Amino acid sequence: MSEFLEPFERMLEDVSTPAAVRAIERGGSPDAMWQAFAESGFLDALVPEERGGAGLALADIQPLWMALGRHAVPLPVGETMIARALLDGAPDGPVALAVAAPGQSVVVPFGLVAAYMLIESDCALHMVEASGALTGVVASLAARMTCNDLPSPHSTAPTSGLRPIAAILRAALIAGASGRVTEMTAAYANERVQFGKPIGRQQALQQQMAIMAEEMVAARIASQLGCAGGFPPSLVAAATAKAIASRAAARVAATAHAVHGAIGISEEHDLQLFTRRLHEWRLADGSESYWNGLLGRERLVSDARSVDFVRAHLQPEAATG
């Protein structure tokens, strides 16, 4: 997988710098950054080879999605990969994802910088030009939109719907951003000197950071499990990935700000670029409460033993091997 991840990381380091992220959040044009993604070919990574794409498996894409979170990319790159994989003839330009009933108002991540929105409504997928109102959250790129007067469906929705696919994307983004935040926090704790020694030597702070690292690793493993099956993912795999990642997002962000103190919430510090996204992605497409409830219902209707249930849904090859 390194042959894909390494050039992808290099591109992100060039185009998604903190300065570039801030510029787009302040209303600057995202066109130059988007052009780099469009020319890279990575947007067709999930598209089957017979349709001109790379035909990569979901497990191969997961590290790329984590990299998007690690660099706080302010564009719906993962969403566009999904839209192109699901639809023949998807339009050029960034695509955001939404699930909404007719007349329902929803918050769409990256809606303000998307050219199109792929909307699931009544078990069908509709492609519309992006339009939406500000959410009122400072520097957020999400948009609030109301699902009215949709055009004819582009295709039917996947069996489990669009939300599980979006959920595993959010889980991967959270895992990537959590890794970056953990690294930043460890570096700060070793640099910040108080009472003659780095604060990272304080036992109480070390304990907090150890728990933070555990949550970060849990989010990464959960994301990998969610992407280990086929595309689209199973409902249980998506629920597991998003529930654990969403829980980790809140804990990682809280610990990072506790260690950094007041400087971490300042606009000029890069930490808030990532922790704001952790909180946004935690809620997007359902928080941990939503997915834990769904996961519990799926378990209760199954006659399988718990170990067999986990193997069947999170290790499909073990169930058939």
*For A124, which sequence-distant residues (separation of 5 or more, or a different chain) have an amide H within less than 5 Å of its own amide H, given hydrogens modelled in the peptide plane?*
A157
*From the backbone phi of the range 121-130, what are the Karplus-calculated ³J(HN,Hα) couplings (6.51 cos²θ - 1.76 cosθ + 1.60, θ = phi - 60°) in whole Hz, Gly and Pro given as x?*
8, 6, 6, 10, 9, 10, 9, 10, 5, 5
*Could you run the Karplus curve 6.51 cos²θ - 1.76 cosθ + 1.60 with θ = phi - 60° over the range 183-193 and give me ³J(HN,Hα) per residue in whole Hz, x for Gly and Pro?*
5, 4, 5, 5, 5, 5, 5, 7, 9, 6, 9
*Which residues does a label at A258 reach in the range 283-301, if reach means a backbone N under 15 Å from a point 7 Å past the Cα toward the Cβ?*
none
*Rank-order 61-70, 213-222 by packing density, defined as the average count of other C-beta atoms within 10 Å over each peptide's residues, highest first.*
61-70, 213-222
*Could you state the number of Å between the C-alpha centres of the range 121-158 and the range 1-66?*
22 Å
*Which length gain, in nm to one decimal place, applies between I211 and R192 when the Cα-Cα distance is subtracted from 0.36 nm times their residue separation?*
4.8 nm
_V99 long-range amide H proximity, modeled H, under 5 Å_ = E120
*If each Cα of the chain is one equal point scatterer, what is log10 of I(q)/I(0) from the Debye formula at q = 0.09, 0.14 Å⁻¹?*
-0.46, -1.11
*Got a sec to turn the phi values of the range 271-277 into Karplus ³J(HN,Hα) couplings, 6.51 cos²θ - 1.76 cosθ + 1.60 with θ = phi - 60°, whole Hz, x for Gly and Pro?*
4, 5, 4, 8, 5, 4, 5
*What percentage of the solvent-accessible surface of the range 182-262, computed with a 1.4 Å probe over protein heavy atoms, is contributed by carbon and sulfur atoms?*
55 percent
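The values are calculated or read from the model by the stated rules, or taken from the named source; none is laboratory data. None of the values given here were measured: they were computed from a predicted structure. Neighbour counts run over all protein chains shown; Cβ positions are idealised from the backbone, glycine included. Protein only, heavy atoms only, side chains kept; ligands, DNA and RNA dropped before computing areas. Shrake-Rupley method; radii C 1.70, N 1.55, O 1.52, S 1.80 Å.
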